[in-house]
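The values are calculated or read from the model by the stated rules, or taken from the named source; none is laboratory data. No experiment lies behind these values; they were computed from the predicted model shown. A quick note on method: Cβ atoms are made from the backbone with ideal geometry, for glycine too, and the neighbour counts reach across all protein chains shown.
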Amino acid sequence: MGLLEIYRKLLNHFGKQNWWPADSEFEMIVGAILTQCTSWKNVERVMENMKAKELINPKHMMEIDRENLRRIIKPVGYYNSKTEKLKAFVEFLYNRYNGDLYDFLAQPLPLLRKQLLSIYGIGPETADSIILYAANKPSFVVDAYTVRIFSRLGFIDKDTNYDKLKRFFEENLPRDVELYKEYHALIDELGKNFCRKEPHCKKCPLNEFCGFANSY
DNA sequence: GGCCAGGACACCA
DNA sequence: TGGTGTCATGGC
């Protein structure tokens, strides 16, 4: 089996996911930071609240004081560090791009990734998510589900590092933005539904490929 | 009531 | 370079 075969199985089973659910590029980025190690359901209500306060906007995000921002995002958890991360992003945007997000996102992929990784609070997964879903450039996103699922399927070792796993997908898939977007979303959907506790494995769409499912 | 969620960073050897 | 502790609330 190949990566495309697995992709088709997942697409057939779950249908199109149409990630990322956001009305703007900035909203996508705010969501990416808030959802770090946090369930999306937990993030959604906070995002609605932020929209109501017109905070999904680089200028307003620059202007709000940290204490207020902390209070608003508190329900997502890690609110102290996430406040600093949101501030770090908009401060970068204003210092380097005069607050123009589109100007920033228009940078060539390698430069954009390097700059994103230089911002406090943006690591490899968040950077690649922003590149793929906000800038619409082909950078495959790896997350904890990707590691868990593809090591169980026998493609990689479970301690494979981020960059190596990212390269594995990019070297074995057509370089296609929409494919990358949908594939990552489908992996996430699979991970949420099936790759946690063993009993769920029976109905997993990848059951036939999975050594883990056949081992008990 | 325990486990975990769409990670990243600081610190250490 | 890689391993571990820390951040923290809410849903299931």
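Structural remarks
- Restricting segment A:143-154 to residues that are of a type outside the set (Ser, Thr, Tyr) and more than 14 Å from DNA strand C (Cβ to nearest atom), the residue that is surrounded by the fewest Cβ atoms within 10 Å (Cβ to Cβ): A:Gly154
- For A:Leu34, the conditions (1) out of contact with any Phe, Trp or Tyr (no Cβ under 7 Å at 6 or more places or on another chain); (2) in the same structural domain as A:Leu153 (by TED's automatic domain parsing) are fulfilled apart from (2).
- Subset of segment A:16-43 that is aliphatic (A, V, I, L, M) and in contact with a helix residue (DSSP H, G or I) (Cβ under 6 Å, 6 or more places away or on another chain) - its residue that is surrounded by the fewest Cβ atoms within 10 Å (Cβ to Cβ): A:Ala22
- Being over 20 Å from A:Asp143 (Cα atoms), assigned by TED's automatic domain parsing to the domain that holds A:Asp188 and surrounded by 13 or more Cβ atoms within 10 Å (Cβ to Cβ) is a property that holds for A:His13.
- If you check A:Asp157, A:Asp176 for being more than 16 Å from DNA strand C (Cβ to nearest atom) and either over 12 Å from the mean Cα position of the chain (by Cα) or at pLDDT 95 or above (or both), only one passes: A:Asp176.
- Tally, over segment A:126-140, of residues that are in contact (Cβ under 8 Å) with a residue 60 or more places away in the chain, touching an Asp or Glu at 6+ places or on another chain (Cβ under 9 Å) and either among the aromatic types (Phe, Trp, Tyr) or within 16 Å of A:Lys85 (Cα to Cα) (or both): 3
- Filter result (within 16 Å of A:Tyr162 (Cα to Cα) and surrounded by 19 or more Cβ atoms within 10 Å (Cβ to Cβ)) within segment A:100-115: A:Arg113
- Annotation note: of A:Leu111, A:Leu117, the sole residue that is under 22 Å from A:Lys181 (Cβ atoms), among the aliphatic types (A, V, I, L, M) and within 16 Å of DNA strand B (Cβ to nearest atom) is A:Leu117.
- Taking segment A:75-88 as the range and being without any contact (Cβ under 8 Å) to a residue 24 or more places away in the chain, under 16 Å from A:Glu44 (Cα atoms) and not aromatic (Phe, Trp, Tyr) as the test, no residue passes.
- Applying the condition of being among the polar types (S, T, N, Q) and in contact with a helix residue (DSSP H, G or I) (Cβ under 8 Å, 6 or more places away or on another chain) to segment A:56-90 and asking which residue is surrounded by the fewest Cβ atoms within 10 Å (Cβ to Cβ) yields A:Asn80.
- Among residues of segment A:103-125 that are within 11 Å of A:Phe89 (Cα to Cα), those with a beta-carbon under 7 Å from a residue that is among the acidic types (Asp, Glu) at least six positions away or on a different chain give the pairs A:Tyr120/A:Glu84; A:Gly121/A:Glu84.
- Check on A:Val30, within 30 Å of A:Ile149 (Cβ to Cβ) and within 16 Å of DNA strand C (Cβ to nearest atom): no
- Residue selected from segment A:103-126 under the condition under 19 Å from A:Glu170 (Cβ atoms) and within 16 Å of DNA strand C (Cβ to nearest atom), by the criterion farthest from the chain's Cα centre (by Cα): A:Lys114
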